[in-house]
Structures are given as structure tokens and as C-alpha cells.
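Down below is the structure, laid out as C-alpha cells.
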Amino acid sequence: MTNDAFADLILGRAAQYSETDTVAFNDNRRNAFEAYVDDNWKVSRRLSLNIGVRYSYFPPAHESSDKYRVVRPANYNPAKAVTLNAQGQIIKNSGDLFNGLVNPADYWDFSKRNFAPRVSFAWDIMGDGKTAIRGGFGMFYSREILGAFILMSGNPPFAKLVDLFNTSLSNPGGGAARDFDLPTTLGSIDTKQQTPYTEQWNLNIQRSVLKNTLFEIGYSGSRGIHMMRTQDINQPLASVGIANGSVNANFLRPYKGRGVLNHREQSYMSNYHGLHGSLRRSYSNGLSYQVSYTWSKAIDNADFTGGIYGFVPNTQDSSGERGRANFDATHNFIVSYTYELPWLKSGAGVASQVLGGWQLSGVSTFQSGLPLNPQLGRDIAGVGSSSRQRPATSGSPFLAFGDRTADRWFNPTVFSAPALGTFSPLGRNVLSAPGINNWDIALSKIFKLHHERPTLEVRAESYNSFNHTEFNGVGASFFTPASFGKVTSAKNERSFMVGMRLQF
């Protein structure tokens, strides 16, 4: 903050004062209707089927005062476009400020044939109750989140923005109004609404291998279709002029008079395939455990960790965004157990009462790292936004597992900034962050203070028991070289907790 700006803040002066009449929350409503039918059919003593279908009717949301407005490209008329000066500002009274804005209620085209079949089976192969095959397939429709519609009620003409210059906070109206308008950033939504749905399927084999022990191996998959993501449909073509600052991005945008158009469309897709196995022993003779392992791959075409609001770098061609999903963990191995320590389990002496009957339990988790996506943080392509633009590479950024350190998790020297006015061909989420190696262990015992009640539980718990360093993040911003490729945060603290609980 400059000295003058700080003085303006202290003295109540403002070089520019903005006031909007936007209502943050409106009376947003939506309806839904669903019906289903299913049947369990025991085909034979060894085979049973479940068959059903669900119907879902999800019309788009609406605002009780009909205040939704969206940008519909088909209604934009270039002949009515506003005129912009070299700074990308709108010359007053030069065109239609509402060009392309429509009431979506007049154009909604949404899915009405949302029939979702489901079928599953269970088959006792040998008829002895020890080996079973189970499988199924189902479709599941869902409604879009209401937040995707709410923002439409903050668009013109229901939101008006007034900017005054050389005014004071005590008397905003005393300033001077500008003689130009600024392009506005709007939230919009596609009037063609296709109900999002997922398809899920699985097949697994279960076998009783030992007494009280069950082995299972199986495959599961899923696919997400017509999910919502955001595109800037007013993104200009990549431009050297925008990238070097000689041209204002708003001057080259296809829909004149608008800035970024956060257009929510149903083009997010995902798929998942996983092979999993487990060995489970129910509690018997003082021991129970579950060992499970999953080898999987999750792929999608947008970064979904930020919800629906972050758009892809290149709206003109988003094919390069298909890659590992942000939640993709290739390997996931988990062991949980409860073991009653064998010594002094029985006896009436003080030693047996104090030292016997203790239980050791815990959970050990080993997981490969989630995807890591290097980003520029600057608009090198020249499209009016730096959102998720990536650096280029001249070689492989991968390091062998033994070569990775906290100061060099991947090879930062192969990265470079793309040429101005271009996008990097580097794919999304090509690197992996550190994984998880964690042991949580507990030791507990229940003392009976009476032959029925009360009881006293004494418990000691240890988290990250072997003090293994857990890396929490890796610098992925290319233009922050001090941290690029280095671990930015880590946790290697072991913690203990001791407690008692009296139960009556």
C-alpha cells in the first residue's frame, strides 16, 4: 500500500468507490419427483437376483421472482455489440449492455427420460456356503447443486454497479461518475440441462478359507457422465499481445462488453477402475484383523477439488485436461487389528487383574501419493486468465523413488515457461505428491469394578507411532523458484493420548 493510499484509508478518502445493489441470496427453489420398483427373486437355493429401476425427474431450479438471467451464445447479436476503447472499456451508449442475456425459463431443455436400471446377483457356487460370487450394475441420477443456479440472480439487470472517483467514504455521492463502463464478469449456465448420472458395476468372489476368516477379491468400476464443470466461454484466442500487456484481454473477447463468463456446462466426465482384495477374520480366540489392498486408476477431465468454479486453461481445446483425477491414489494398503495379549489372561491374583486382559489394536495405512499439477500462476498464453496454465518441459521431470528428497521431490530443471501466446503441451496431474506411511496403535483394558457394572476403561493411544515423516505438500508454482519442486510442509510428530472412561 502506498503512503497516499494509506492516508486515504485513515482519513476516509477513496480514489474510487464501488457500490452494488446485488442481493446475495434470493428465493431459489426447485422440485423433484422420483419413483422406483424392485424385486428380489430367489431363482434357486444357490442363486438370488435383485432387479429394479428408478425414475428421476429433476427440472432446473427457479427463482420465485423470475430473476435468473444467463448468457445464451445463440442470442448474442454482434450487430448490437458495444464498442470498446483500447483499454477494453465500454464506450457509453455504444451498444446493448444486455446483449445475449436471456431468461433461461424460456429456453430450458432438460432431460425427462431418466430411467435408472439396477441388477445384482449372489451365487453360491458349490452350494456349501463357503464360496460366493456377487456382482451388479446400476445407474444413479442426481440433481445439480443449487449453487450452480443461485449466482444467475446476481446478473444484470438485477445487479447494478456504480463506480465513483475522487470521493470520500463519508460522502460517496460527492465524487465524479466515470464516463465509461467496465466489462463485467458473469456467472452463467447452459440452458441444455442433461441430468448427471453415474454408472457403477462390480464383480467379486468371496471364499471362506480358514475358521472365521474370509478372503475376497474383486473388481469395481464407475463412470460419471454429464457432471458440471466451468468453462470461460468468453476466453479470447491465445495472444502474444495479451501476454505481454500491450493488448487488453477484454478487447479481444468474442462477446464484447463481458469479461470472464463462468459458464457452467455438463461436460465433466470421470471413470474409475479398481482391483481390490481383502482378508478378514472375525473376533475369535482374542484376535481379529482386516487386511485390504486396492490397485486403482481414476481419470477425469477437470480439477474437481475446487468444486465447479475453476475453469480449464484453454477453453478452445480442453482435450489436454483428461488425466489422473485429483483423488487418484494408485495403491492403497490398510491393515487393522485387535489382539488380546496372551499373558495372565486368567487368574484371580492381583497380577492377573492388573496385567492380564490388555488389548492391542491399531490401524496402519500405506497409500501412494495423490497427483501433483505444476502450474505457472501467470497468463503466459495471453487469454485473460492464468487459471491452471502449466509450464513446458524439456525432459522427464520424474525422479527415481530413492532419489526423491525434501529439497528435490521432482526435477525442476526440466521445466520452462512456454513461449508467449502459447499453451504448454504438458498434461494435467503428471506428477505425484508424497504418499502416506502411518501407524496408529492403541493399548486398552477394561476393569470390572463390579460383577456387572460399573466398568473402568484405561486406554493409551499413539498416533504416527514410529515418528515417520509425512510430507504434506510440494511446491508446484513454476514462478516461485524458491519452493518449486521442494516439500513445503511436513509432519513428523508422534503424539500420545492416555485416558480413562468410567461407565455405569
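Using the Stokes-Einstein relation with a Kirkwood hydrodynamic radius computed over Cα pairs, the translational diffusion coefficient of the range 438-493 at 25 °C and a viscosity of 0.890 mPa s comes to 165 µm²/s.
Full extension of the chain between ALA86 and ALA482 gives 138.9 nm of extra length, using 0.36 nm per residue less the Cα-Cα distance. In a fully extended conformation the segment linking SER318 and TRP201 would gain 39.3 nm over its present Cα-Cα distance, using 0.36 nm per residue. Estimated purely from DSSP H runs of n ≥ 4, each contributing -39500 (n - 2.57), the mean residue ellipticity at 222 nm for the chain is -1000 deg cm²/dmol once divided by its residues.
Counting neighbouring Cβ atoms within 10 Å and putting the fewest first, the residues ILE90, ILE441, ILE145 line up as ILE145, ILE441, ILE90. Placing R0 at 22 angstrom, the Cβ-Cβ distance between PHE121 and VAL209 gives a FRET efficiency of 0.45 after rounding to 0.05.
Taking label points 7 Å from Cα along the Cα-to-Cβ direction, PHE98 and ALA32 give a separation of 3.3 nm. Neighbours of ASN271, meaning other residues whose beta-carbon lies under 12 angstrom from its beta-carbon, give a summed charge of +1 when Lys and Arg score +1 and Asp and Glu score -1. Most tightly packed first, judged by the mean number of other beta-carbon atoms within 10 Å of their residues, the peptides 381-388, 113-120 read 381-388, 113-120. Which residues does a label at SER489 reach in the range 452-479, if reach means a backbone N under 11 Å from a point 7 Å past the Cα toward the Cβ? In the range 452-479, the label zone of SER489 (backbone N under 11 Å from the point 7 Å along Cα→Cβ) covers 472-474.
Which whole-number percentage describes the relative contact order of the chain, with Cα contacts under 8 Å and a sequence gap of 6 or more? The normalised contact order for the chain reaches 11 percent.
In plain terms, the residue of PHE466, PHE158 with the fewest other Cβ atoms within 10 Å comes first and the most crowded comes last, giving PHE466, PHE158. Taking a straight Cα-Cα cut-off under 30 Å and skipping sequence neighbours fewer than 8 places away in the same chain, the lysines within cross-link reach of LYS256 are LYS67, LYS80, LYS92, LYS160, LYS192. By the beta-carbon count within 10 Å of each Cβ, the least crowded to most crowded order of LYS297, LYS445, LYS112, fewest first, is LYS112, LYS297, LYS445.
The slack in the chain from ASP407 to TRP295, taken as 0.36 nm per residue of separation less the alpha-carbon distance, amounts to 37.4 nm.
Computing volume of the Cα convex hull per residue in Å³ for the structure here picks out one of (i) 195; (ii) 148; (iii) 260, namely (iii). Summary of packing: across the peptides 42-50, 240-248, the per-residue average of other C-beta atoms within 10 Å ranks them, highest first, as 240-248, 42-50.
The calculated FRET efficiency for HIS331 paired with GLN503, based on their beta-carbon distance and R0 = 51 Å, is about 0.80.
We did not get these values from a lab; they are worked out from the coordinates using the rules stated. Note that the structure is predicted; figures quoted are calculated from it, not measured. We place every Cβ from the backbone using ideal geometry, glycine too, and count neighbours over all the protein chains shown.
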